[in-house]
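Comments concern the structure below.
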Amino acid sequence: MEIAELSDDATSCNQFTVDDLDIEILPLIYEIIRSVEKDPHDTTQKAKESQDTSQKILELQKKFDSVRSQIKRLPGIEYSKEEQLKKLETLRKQLRLKRELLYKYRNMCSFEIPKN
């Protein structure tokens, strides 16, 4: 893998990350469960609650669709698990080599240039 390819991957990672995902679904699920737990005795109230619950379920479905589309934008999602692990190992190897080089450069003898 070339360095240019790695820098392209790094810039694509900066565009959209897991932290950017908007996957807040628990409040919707909580509202659905609460509305299902309610048991009004009035039939008109039951119909209204049922309609509200159906609306909340539709909102949850839209949220799921939104999350699916967001996940597809994550970099690396098109790779299989094995490909991702192989790429991760390659990046770790490169990081180790770069750290070793940096360590060598830090410990090199520095030559002072005499001032005229």
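Readers should treat all values here as calculations from the given coordinates under stated rules, not as data from a laboratory. Keep in mind that what you see is a predicted model, and the values were worked out from it rather than measured. Cβ coordinates were reconstructed from backbone atoms using ideal geometry, including for glycine residues, and neighbour counts include every protein chain displayed.
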| Once both labels are modelled 7 Å past Cα along the beta-carbon direction, what's the Leu60-Asp39 spacing in nm? | 2.0 nm
| task | Provide the packing ranking of 95-108, 20-33, i.e. peptides ordered by the mean count of other C-beta atoms within 10 Å per residue, highest first. | result | 20-33, 95-108
| task | Extending each Cα 7 Å along its Cβ direction at Ser50 and Leu95, get the distance between those two points in nm, one decimal. | result | 5.6 nm
| message | Using a Cα-Cα cut-off of under 18 Å, which lysines could be cross-linked to Lys62, ignoring same-chain neighbours fewer than 8 residues away? | response | Lys72
| field | Cut-off 17 Å, label 7 Å out along Cα→Cβ of Arg68, residues of the stretch 17-34 by amide N | value | 22-25
| query | Under the Karplus relation 6.51 cos²θ - 1.76 cosθ + 1.60, θ = phi - 60°, what is the ordered set of whole-Hz ³J(HN,Hα) values for the stretch 28-43, x standing for Gly and Pro? | reply | 5, 5, 4, 4, 5, 4, 4, 5, 6, 5, 5, 9, x, 7, 6, 5
